[in-house]
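*Asks:* Take a look at this one; I'll ask things after.
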Amino acid sequence: MTDNENNIGFIGLGRMGRSMALNLAKKDFSLSVYDVRDEAMDGFDDSNRCRKAASANDTATGNDIVITVLPGPRELQDVVLADGGLLDNLAPGSVLVDLSTVLPETSDALAEAATARDCHFVDAPIGRLAEHADRGESLFMVGASDEMFLRVKPVLEAMGTTIHHCGGPGSGTRTKLINNFLAIVSCQMNAECIALSQHFGLDLQTTLDVIHGTSATNGQLKLNYANKVFKGDIDPGFAIDLAHKDLSLILEAAHKGRLPVPIVSSARDSLNLARAAGWGGKDFSGLCDFWCDNASVDLARTK
């Protein structure tokens, strides 16, 4: 890595992005950070070799690598592909690294546009939970050429512990949709299952001991539920609104390929019910509380 590539532009300081940017700063990267919310940039200053950029475009100033962590395809395209946008302000040879969860064609369009500008594009969406991002233990699913993978790997390693090279540009995004298909559907399935166990009057811990001892166990139930909703914490690490967005992306991508995904359709309908009831801003493990409330049973809590 060159000295200039120790300088990073970083756009998007939400629940995951802020932690990742702070971890980069702790690993001696110099950052130019930007978020549409001024308060999100608090704590990034000269004391940790950071600069608050005046705009998304300003993050490109003096930086050969710019990272984006944005809510979805529309926001990413507005920032990067608009006339006079970020891509028009990147120096030739620069690398745009997108950590967002978007449509495959969004990543494909960015890769094509970056090539036309003599720049490079890497899609590296994030795996694992917000608490992992806090600790610098994220997983990244990387779509990049071999050369660009090696170029950005030290940056990703400063934010995570597990880096998978999934293939060329666009393969990271496609892998993320597969991952989130299972993660979100599992979360919804767990919520209904736990609500039923509460209806039956079963002891929660005993029920979990049984499940975790069989092939019925899953990571959402064993990790996310255990650390979030079962402790009464449904503050958003990954909000129901974002889970709904990701299921919508999966449905759109599948439908374009004429691939039926009825389980995704059903899960999204269930998340729609939670959102309509005002639960969209809660952590997606909070679906468990939502369905317990709907069943008029006690909330599932471990001691």
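The values are calculated or read from the model by the stated rules, or taken from the named source; none is laboratory data. Quick caveat, the model's predicted, so the values are computed rather than measured. Every residue, glycine as well, gets a Cβ built from its backbone with ideal geometry; the counts of neighbours run over all protein chains shown.
*Asks:* Quick check on segment 1-30: of everything there that is assigned to a strand (DSSP E or B) and modelled with pLDDT of 95 or more, which residue is surrounded by the most Cβ atoms within 10 Å (Cβ to Cβ)?
*Replies:* Just the residues of segment 1-30 that are assigned to a strand (DSSP E or B), to begin with: 7-11, 30.
Among the residues that remain, those that are also modelled with pLDDT of 95 or more are: 8-11.
Details: ILE8: 23, GLY9: 29, PHE10: 29, ILE11: 32.
Here the answer is ILE11.
*Asks:* So, one more: Going through segment 271-284 one residue at a time, which ones are part of a loop (DSSP other than H, G, I, E, B) and either among the hydrophobic types (A, V, I, L, M, F, W, C) or closer than 15 Å to ALA183 by Cα (or both)? Reasoning before the result, please.
*Replies:* Step one: of segment 271-284, the residues part of a loop (DSSP other than H, G, I, E, B) are 277-282.
Result: ALA277, TRP279.
*Asks:* Can you name every residue in segment 42-59 that is assigned to a helix (DSSP H, G or I), touching a strand residue (DSSP E or B) at 6+ places or on another chain (Cβ under 7 Å) and modelled with pLDDT under 95?
*Replies:* Of everything in segment 42-59, nothing turns out to be assigned to a helix (DSSP H, G or I), touching a strand residue (DSSP E or B) at 6+ places or on another chain (Cβ under 7 Å) and modelled with pLDDT under 95.
*Asks:* Another question about this same structure. Step by step: first the residues of segment 189-235, then only those that are hydroxyl-bearing (Ser, Thr, Tyr) and surrounded by 14 or more Cβ atoms within 10 Å (Cβ to Cβ), then the one that is nearest to the chain's Cα centre (by Cα). Which residue is that?
*Replies:* Of the residues in segment 189-235, the ones hydroxyl-bearing (Ser, Thr, Tyr) are 197, 206-207, 214-215, 217, 225.
Then drop every residue that is not surrounded by 14 or more Cβ atoms within 10 Å (Cβ to Cβ), which leaves 197, 207, 225.
Details: SER197: 30, THR207: 30, TYR225: 18 Å.
It comes out as TYR225.
*Asks:* Under 21 Å from GLU131 (Cα atoms) and modelled with pLDDT of 95 or more: which single residue out of GLY172, GLY232, GLY213, GLY168 fits that description? Let's see the steps before the verdict.
*Replies:* Details: GLY172 fails: under 21 Å from GLU131 (Cα atoms); GLY213 fails: under 21 Å from GLU131 (Cα atoms); GLY168 fails: under 21 Å from GLU131 (Cα atoms).
Just a single option satisfies the conditions, and that option is GLY232.
*Asks:* Any idea which of (1) in contact with a helix residue (DSSP H, G or I) (Cβ under 8 Å, 6 or more places away or on another chain); (2) surrounded by fewer than 21 Cβ atoms within 10 Å (Cβ to Cβ); (3) not β-branched (Val, Ile, Thr) is the one LEU247 doesn't satisfy?
*Replies:* (2)
*Asks:* If I filter segment 79-92 for residues that are touching a Phe, Trp or Tyr at 6+ places or on another chain (Cβ under 8 Å), part of a loop (DSSP other than H, G, I, E, B) and buried (at least 23 other Cβ atoms within 10 Å of the Cβ), do I get at least one hit?
*Replies:* Taking segment 79-92 as the starting set, the residues that turn out to be touching a Phe, Trp or Tyr at 6+ places or on another chain (Cβ under 8 Å) are none.
No, segment 79-92 has no match at all.
*Asks:* Being of a type in the set (Lys, Arg), part of a loop (DSSP other than H, G, I, E, B) and modelled with pLDDT of 95 or more: is that true of ARG268 here? Please lay out each step first, then the result.
*Replies:* Values: of a type in the set (Lys, Arg): yes; part of a loop (DSSP other than H, G, I, E, B): no; modelled with pLDDT of 95 or more: yes.
Considered against the rule, which asks whether it is of a type in the set (Lys, Arg), part of a loop (DSSP other than H, G, I, E, B) and modelled with pLDDT of 95 or more, ARG268 comes out as no.
*Asks:* So is ASN179 in the same structural domain as ASP283 (by TED's automatic domain parsing), within 21 Å of GLY286 (Cβ to Cβ), in contact with a strand residue (DSSP E or B) (Cβ under 9 Å, 6 or more places away or on another chain) and modelled with pLDDT of 95 or more or not?
*Replies:* Working: in the same structural domain as ASP283 (by TED's automatic domain parsing): yes; within 21 Å of GLY286 (Cβ to Cβ): yes; in contact with a strand residue (DSSP E or B) (Cβ under 9 Å, 6 or more places away or on another chain): yes; modelled with pLDDT of 95 or more: yes.
Criteria met by ASN179.
*Asks:* One residue is enough: does segment 139-154 have a residue meeting the conditions in contact with a Lys or Arg (Cβ under 8 Å, 6 or more places away or on another chain), farther than 18 Å from ALA111 by Cα and either surrounded by fewer than 18 Cβ atoms within 10 Å (Cβ to Cβ) or not polar (S, T, N, Q) (or both)?
*Replies:* Checking segment 139-154: at least one residue is in contact with a Lys or Arg (Cβ under 8 Å, 6 or more places away or on another chain), farther than 18 Å from ALA111 by Cα and either surrounded by fewer than 18 Cβ atoms within 10 Å (Cβ to Cβ) or not polar (S, T, N, Q) (or both).
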